[in-house]
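What follows is a set of notes on a single structure, which appears directly below.
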Amino acid sequence: MPFSFSPEQKQSAFWLLLWLAFVLLLYALAPVLTPFIAAAILAYALNGGVDFLDRARGRHGRMPRPLAVVVVMLLFLSALTALVLIVIPVLQNEIPLLKAQLPMILVRIDDFVTPRLHEMGIKVKLDGSGLRQILAQQFATSSDEFWTTVLASARVGGVALLGWAVTLILVPVVMFYMLLDWHVLLERVAGAVPRRWATQTVAMAQEVNLLLAQYLRGQLLVMLVLALYYSAALAIAGFDVALPVGILTGILVFIPYIGYGLGLLLALVAAVLQFSDWHGLIAVAVIYGFGQVFEGFFLTPRLVGERIGLNPLAVIFALLAFGQLFGFVGVLLALPASAVLMVAFKHLRRHYLSSSFYNA
């Protein structure tokens, strides 16, 4: 008797293959989906504020949801604008200092590096005149290749810049419509799940939502405390750009270790440009060393909590893994996807421990 599939098996195989094709299509369209995924993540983070305003009753009754969406988005865009206005004074202060002290920095580098290069048989000077001579030789010997590279980079950079501009325009538009119909979208997604899996899927989604909400709330508190700490500590140490660098460091801490490294780099550059001795570098080492210990051993365990399970190493691995697989879209998806995988792994482990395969 030949093997044959039942009608139910054929239906299951058809829908599974259709969903697989849909996932492959999304993978192929990953660059196009960037603004939509970014808007969805921002909408998820801001939906709580919209729901709060939508449910709140004032003197004139409940606030219409479209108006609540507009208010929350304006507050969010105002916060981003304030962040940009914080960054601009840093650039305005550090770029003139860098321009003025660059010759002295090159002399220091030349005094330290050139003797060691001479010991290895490399005859070169790294001061201003030496660098100009090296650049002139490169232009004279490979000008055609140089301009070819410059033109190719300009074309690639122009396309990338256009893509970023389109993304920046699309994200708020898509986010507005997502926030407006957020609960309708969730109901449609839940309604598309097969009924036999609906209860378990909704329960897992609620676990993921709780996990992400706890993680985001804890990280926001960590960012606030660290921004206050770094700003105050750098100001006490005498840094002119203490407030903007401290606030940026606190905000960038949301990206584990990478954000801390960028904040540390900003502070080191400020120390080199402002102080002529080792005072600034020593102050940065003490402030940022204590800040890392304070964050790792007190703030994160207390405010985020080990019960959440999204420890920094897991987040770093998720960022690198999803970034490698899906590019920038993968970086956007890393945190929610790792939360989904963690909840799924917990359910799979529970099922494994209760199975006859494990207990036999």
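Values for this structure:
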read-out	value
Hits in the range 273-313 - residues which are among the β-branched types (Val, Ile, Thr), modelled with pLDDT of 75 or more and crowded, with 17+ Cβ neighbours inside 10 Å	284, 287
Residue under evaluation residue 228, criteria (1) closer than 23 Å to residue 36 by Cα; (2) aliphatic (A, V, I, L, M); (3) surrounded by fewer than 20 Cβ atoms within 10 Å (Cβ to Cβ), criterion not met	(1)
Answer from 248, 221 - the residue that is in contact (Cβ under 8 Å) with a residue 40 or more places away in the chain, surrounded by fewer than 20 Cβ atoms within 10 Å (Cβ to Cβ) and among the aliphatic types (A, V, I, L, M)	221
Count of the range 182-216 residues which are modelled with pLDDT under 85, of a type in the set (D, E, K, R) and more than 26 Å from the chain's Cα centre (by Cα)	2
Candidates 85, 106, filtered to the one that is within 26 Å of residue 275 (Cα to Cα), at pLDDT below 65 and in a helix (DSSP H, G or I)	106
Condition met for residue 246 (in a helix (DSSP H, G or I) and at pLDDT below 85)	no
Tally, over the range 244-283, of residues that are touching a helix residue (DSSP H, G or I) at 6+ places or on another chain (Cβ under 8 Å), among the β-branched types (Val, Ile, Thr) and more than 25 Å from residue 82 (Cβ to Cβ)	1
Every residue from the range 24-79 that is outside any helix (DSSP H, G or I) and of a type in the set (A, V, I, L, M)	29, 56, 63
Contacts under 6 angstrom Cβ, first residue in the range 68-86 being small (Gly, Ala, Ser), partner surrounded by 10 or more Cβ atoms within 10 Å (Cβ to Cβ) and part of a helix (DSSP H, G or I), 6 or more apart	68/50; 68/53; 68/54
Pair list, Cβ under 8 Å, 6 or more apart: the range 335-355 residue free of Cβ contacts under 8 Å to residues at least 40 places away in the same chain, other residue assigned to a helix (DSSP H, G or I) and of a type in the set (Val, Ile, Thr)	338/315
Single condition residue 260 does not satisfy, out of (1) over 17 Å from the mean Cα position of the chain (by Cα); (2) crowded, with 17+ Cβ neighbours inside 10 Å; (3) closer than 27 Å to residue 314 by Cα	(1)
Which numbered condition residue 240 misses (of (1) surrounded by fewer than 19 Cβ atoms within 10 Å (Cβ to Cβ); (2) assigned to a helix (DSSP H, G or I))	(2)
Qualifying positions in the range 185-209 - of a type in the set (A, V, I, L, M) and either surrounded by fewer than 12 Cβ atoms within 10 Å (Cβ to Cβ) or in a helix (DSSP H, G or I) (or both)	185, 186, 189, 190, 192, 198, 202, 203, 204, 205, 208
Boolean, residue 57 is closer than 26 Å to residue 172 by Cβ, modelled with pLDDT under 75 and either of a type in the set (Asp, Glu) or more than 21 Å from the chain's Cα centre (by Cα) (or both)	no
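The values are calculated or read from the model by the stated rules, or taken from the named source; none is laboratory data. Small disclaimer: the values here were computed from a predicted structure and weren't measured. Every residue, glycine among them, receives a Cβ derived from its backbone with ideal geometry; neighbour counts consider all protein chains shown.
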